[in-house]
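What follows is a single structure, written as structure tokens, with notes after it.
Any read-out appearing in this document is the output of simple, stated calculations on the displayed coordinates, not a laboratory observation. For clarity, every value in this text was computed on a predicted model and none was experimentally measured. Please note: Cβ atoms are built from the backbone with ideal geometry, for glycine as well, and neighbour counts cover all protein chains shown.
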Amino acid sequence: MKLNYDLKTDVLSLVLNPNVPVVESDESKPGVILDYDGQGNLVSLELLDASHRVAEARKIEFETAS
């Protein structure tokens, strides 16, 4: 899994499967783009205008359940 925030374009990307090609993209809601593989599995998502949608887009906390 890979998370990237591009300050210049203000896009936050979460790539769930970096080695799987994207076959279809869908803007499910304005500014929320979902990318799917050939079997319809979610591969990645992008948030456009991320600084308006996410608190502190440049700060990431990662937590796992024990």
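Overview of values
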item: For percent of Cα pairs over 20 Å apart, calculated from these coordinates, the label among (1) 37; (2) 33; (3) 61; result: (2)
item: Calculated [θ] (222 nm, deg cm²/dmol) that DSSP helices of n ≥ 4 give over the chain, each run adding -39,500 (n - 2.57); result: -1000 deg cm²/dmol
item: Those trypsin sites (Lys or Arg not before Pro) in the range 25-66 that DSSP places in a loop and that have at most 16 other beta carbons within 10 Å; result: ARG58, LYS59
item: Ranking of ILE33, ILE60 by count of other Cβ atoms within 10 Å, fewest first; result: ILE60, ILE33
item: Order of ASP35, ASP26 - criterion: other Cβ atoms within 10 Å of each residue's Cβ, fewest first; result: ASP26, ASP35
item: VAL23-ASP6 pseudo-label distance in nm [points 7 Å out on the Cα-to-Cβ vector]; result: 2.5
